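What follows is a set of notes on a single structure, which appears directly below.
The values are calculated or read from the model by the stated rules, or taken from the named source; none is laboratory data. All of these numbers come straight from a predicted model, not from anything done at the bench. Positions of Cβ are backbone-derived with ideal geometry, glycine not excepted, and every protein chain shown enters the neighbour counts. In case anyone asks, the SASA skips ligands and DNA or RNA and just uses the protein heavy atoms, side chains included. Shrake-Rupley method; radii C 1.70, N 1.55, O 1.52, S 1.80 Å.
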Amino acid sequence: AWERGLFAKADRVIADTPCHARFFSETLGVPQERVRVVYVGADESLFRPAADRVPGTPVDVLFFGSFIPLHGARTIIEAARIYQGPPVRWSLLGDGPAKPDCQKAAEGLANVFFEDRIPYAQLPARIHRADILLGVFGTTQKAGRVIANKVFQALASGRPVITRVSDAYPAGADKSGPLAFVPPGDPQALASAVGKWVTHSEALAERGHAASALYNHAFSTTVIRRQLSDSLAFIRTKNSSRE
């Protein structure tokens with residue numbers, strides 16, 4: 001009720017995804033005509049494409065984050081356990097509440113590596129050393145409504161991403177190969193998706209190019225500026241009518 005009262009006072013409500021826009025209308029009672037979507041995007045002064053990377057052996061599959069429930073990092077560990085395919089290094093970077101549980105679950109797995117949190121400015125270089133980036137796999141309702149920062153950052157850096165299925169993404173976002181969607185909390189689906197990409201590792205560079213193209217088309221600063229400008233157009237109209 002407190003949140004409904006706050007949202008009711010706003011002339012315009014900005015949501016980060018279409019899923020959250022629907023949530024604000026259906027759950028918090030915001031009239032649909034007051035809600036607009038403006039994507040989060042990435043800091044393009046840091047996250048930008050680098051030279052094509054020739055996948056090594058093993059292929060580096062990178063997750064980075066704060067190990068919160070939304071991320072579903074335990075699903076990554078279970079996927080690594082059952083994975084069958086060309087050699088893969090499953091790298092998990094960062095710290096957070098679920099990390100100890102993940103480390104315990106990964107005991108005895110020679111293909112799983114944990115890396116300490118690094119300064120933010122060093123993150124793009126670490127992304128560029130990876131071949132495939134992992135998004136989020138949590139089963140919470142919120143996990144299905146968001147596009148995680150890590151996904152924007154990976155796409156902006158020219159790296160393909162495997163993440164949980166969500167209606168938060170633009171229609172057809174996976175068509176040209178930069179994204180693969182798997183059911184939430186499904187390690188078998190994740191292991192299979194990684195195996196499919198790694199088996200055809202020669203296509204990873206092209207997937208990276210498609211990742212950059214998707215970011216530029218749907219999530220770039222240019223797109224965000226246009227979304228924000230359109231969202232605030234009613235203010236200009238209101239001021240013009242007053243004049």
request  = Just tell me which aspartates and glutamates come within less than 14 Å, Cα to Cα, of LYS142; anything on the same chain fewer than 8 places away is out.
outcome  = ASP16, ASP167
ask   = Which one of GLN84, GLN122, GLN227 has the biggest mean-square fluctuation once the chain is modelled by GNM with Cα springs under 10 Å?
value = GLN122
request  = Could you tell me which of LEU6, ALA51, SER157 has its Cα farthest along the dipole of the chain towards the positive end, charges placed at Cβ (Lys, Arg +1; Asp, Glu -1), taken about the Cα centre?
outcome  = LEU6
key: Residue with peak Gaussian network fluctuation, the chain [Cα springs, cutoff 10 Å], from ALA80, ALA203, ALA156   = ALA203
request  = Give the long-range amide H neighbours of VAL37: residues separated by 5 or more places, or on another chain, with amide H under 5 Å away, using H modelled in the peptide plane at 1.01 Å from N.
outcome  = ALA15
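Membrane-span-like helices in the chain: DSSP H runs reaching 20 Å or more (Cα, own axis), mean Kyte hydropathy at least -1.0? Don't skip to the answer; put the middle values down first.
Numbers: long enough: 204-218 (21 Å, -0.25).
Span-like helices in the chain: 204-218.
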message = Computing the accessible area with a 1.4 Å probe over protein heavy atoms, can you report the carbon and sulfur percentage for segment 1-64?
response = 53 percent
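Subtracting the Cα-Cα distance from 0.36 nm times the residue separation, let me have the gained length for GLU44 to GLU206 in nm, one decimal. If you can, show how the numbers build up before the last one.
Numbers: separation 162, 0.36 × 162 = 58.32 nm, distance 2.07 nm.
Taking 0.36 nm per residue and subtracting the Cα distance, the gain is 56.2 nm.
How large is the charge dipole for the chain, taken about the Cα centre, if only the Cβ atoms of Lys, Arg (+1) and Asp, Glu (-1) carry charge, to the nearest 20 debye? List each step's numbers first, then the result.
On the way: 29 positive and 23 negative charges, 115 e Å.
My answer is approximately 560 debye.
So, for segment 152-243, what is the accessible surface per residue at a probe of 1.4 Å, expressed in square angstrom? Please report the intermediate quantities before stating the final value.
Details: 4440 Å² over 92 residues.
Per residue, segment 152-243 has an accessible area of 48 Å².
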message = I want to check the label-to-label distance for ARG53 and LEU228. Put each point 7 Å from Cα in the C-beta direction and report it in nm to one decimal.
response = 3.0 nm
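Suppose all protein chains stay in the model; what accessible area per residue would a 1.4 Å probe give for segment 11-140, in Å²?
Heavy-atom accessible area per residue stands at 48 Å².
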key: Within straight-line cross-link reach of LYS196, lysines at Cα separation under 17 Å, skipping those fewer than 8 residues along the same chain   = LYS175
